[in-house]
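Asks: Quick one: this structure, given as structure tokens, is what I'll be asking you about.
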Amino acid sequence: MLLAILIPVALAMAAYVAILLRAVIRRKAWPSLEATILGAVVNFFDTLGIGSFATTTTWLRFRKLVPDRLIPPTLIAGLTPPAMTEGIIFLILLGVMVDPTLLFGGALATGLGGIMGAPLVARARVWIVQATVAVGLLLAAIAFAMTNLHLFPGGGTATGLPPLQTIVAIVASFAFGLLANFGVGNYAPTLVLLSLMGMDPRLCFPIMASGASLMGAGSGARHVQIGQIDFRIVIGLALGGIPAVLVAALIVKTMPLDILRWLVFVVVLYAAATMALASGKGRRDEKAGKPNPAALAA
């Protein structure tokens, strides 16, 4: 059963990389140096459990590298190859220890949610995307704080779940995959949910990473085809992220992350506040019939 998820993840990675490279070559999009460095940094710490969506969103918005509405699809398209690399590594190292039904069902559900959510974010109003991203950033900041304060559920030692809880986890995984299109990462909510159910937190990583891989492949391919992304940023995130994942997963074993999480907590909270303010202004402008500059920039 492990091969039943490992092989699709590997094939999805090959197919997605081919789709992305074809689009990049067609547009003659050279990778941005800044995005390449950013991809290396955020994916290095993503592999260690910090997460990459909130940190990348914060930097993209701080530097105004892409319009707010295009941040979620840019995240999906650019961070998918590194996430797939993580998925393969975690499946090989830990996947054999996870209940096959939960592993396969959770990953597949996350992937389907990602595919179905891609067109929604492409058609959504700018202020709705901004509001959703703001909520996602706020939840990420809370997750960082709770982790440092040791308030997150410690989890148990289970390698699987009873049938009813397995169904709940699979349905929730579908929702997490859908929300990922709006810039809300699936790692933190999946880890919290499964830990509350008694899962060994280490064994959540192959579920989260393989789900993110399939979600990114399906959703990322849709976003590449839609074309509403900055391909220079996307290819930079991917090229910087893959080697960083390998370094973090295969070389670095332990690292003090508490101070880093508090730093990330502050900057992510700031980004959430500014995104929420922008969403409120956009909603008021829409009601008043004013054009939204972020929509025009997109």
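Asks: With helices defined as uninterrupted DSSP H runs, which ones in the chain have an alpha carbon span along their own long axis of at least 24 Å and mean Kyte-Doolittle hydropathy of at least 1.6? Spell out each step's value before the answer.
Replies: Details: long enough: 2-27 (37 Å, 1.98); 71-94 (32 Å, 1.54); 100-123 (36 Å, 1.17); 126-148 (33 Å, 1.87); 163-180 (26 Å, 1.92); 204-226 (32 Å, 0.72); 231-250 (29 Å, 2.20); 258-288 (45 Å, 0.51).
Span-like helices in the chain: 2-27, 126-148, 163-180, 231-250.
Asks: Suppose we look only past 15 Å in the calculated P(r) of region 147-189. What percent of the Cα-Cα pairs does that tail hold? Spell out each step's value before the answer.
Replies: Details: 534 of 903 pairs.
Tail of the P(r) past 15 Å holds 59 percent of the pairs.
Asks: Give me the net charge of E34's neighbourhood, meaning all other residues with Cβ under 13 Å from the Cβ of E34; Lys, Arg count +1, Asp, Glu -1. Mind showing how you got there, number by number?
Replies: On the way: positive: R63, K64, R232; negative: D230.
After counting each charged neighbour, the total is +2.
Asks: Let me ask something else about it. Taking the Cβ of A77 as the center, what net charge do the other residues with Cβ under 11 Å away carry, scoring Lys and Arg +1 and Asp and Glu -1?
Replies: Values: positive: R222; negative: D230.
So the environment of A77 carries a net charge of 0.
Asks: Can you count the Lys pairs in region 2-297 whose Cα atoms are under 30 Å apart, with each pair 8 or more apart or on different chains? Walk me through the numbers before you get to the answer.
Replies: Values: K28/K64; K64/K281; K64/K287; K64/K290; K281/K290.
Final tally of qualifying lysine pairs is 5.
Asks: Okay, moving on. In nm, give the distance between the simple-model label positions of V266 and A18, each being 7 Å from the Cα along the Cα-to-Cβ direction.
Replies: My value for the distance between the label points is 4.8 nm.
Asks: Expressed as cubic angstrom per residue, what is the convex hull volume of the alpha carbon set of the chain?
Replies: Working: hull volume 34.4 nm³, N = 298.
With only Cα atoms used, the chain gives 115 Å³ per residue.
Asks: Only Cα pairs under 8 Å and at least 6 apart count here; give the relative contact order of the chain as a rounded whole percent. List each step's numbers first, then the result.
Replies: Values: 520 pairs, mean separation 111.2, N = 298.
Averaging sequence separation for qualifying contacts and normalising by length gives 37 percent for the chain.
Asks: Let me check I have the definition right: for region 1-127, take the eigenvalues of the Cα gyration tensor, multiply each by 5, take square roots. What are those semi-axes in whole Å, largest first?
Replies: Details: eigenvalues 144, 58, 52 Å².
Output for region 1-127: semi-axes of 27, 17, 16 Å.
Asks: Restricting to DSSP H runs of at least four residues, report the calculated mean residue ellipticity at 222 nm for the chain, -39500 (n - 2.57) per run over all residues, nearest 500 deg cm²/dmol. List each step's numbers first, then the result.
Replies: Values: 12 runs with 230 residues, N = 298.
Theoretical 222 nm ellipticity from helices: -26500 deg cm²/dmol.
Asks: If you don't mind, there's one more thing I want to ask. Only sites in a loop by DSSP and with at most 15 other Cβ atoms within 10 Å count here; which trypsin sites (Lys or Arg not before Pro) in region 22-78 make the cut? Kindly include the intermediate steps, with their values, before the conclusion.
Replies: Numbers: sites: R22, R26, R27, K28, R61, R63, K64, R69; in loops: K28, K64.
Answer in residue order: K28, K64.
Where a number appears in this text, it was derived from the coordinates with a stated rule and is not lab data. Quick caveat, the model's predicted, so the values are computed rather than measured. Virtual Cβ from ideal backbone geometry, glycine too; neighbours counted across all protein chains shown.
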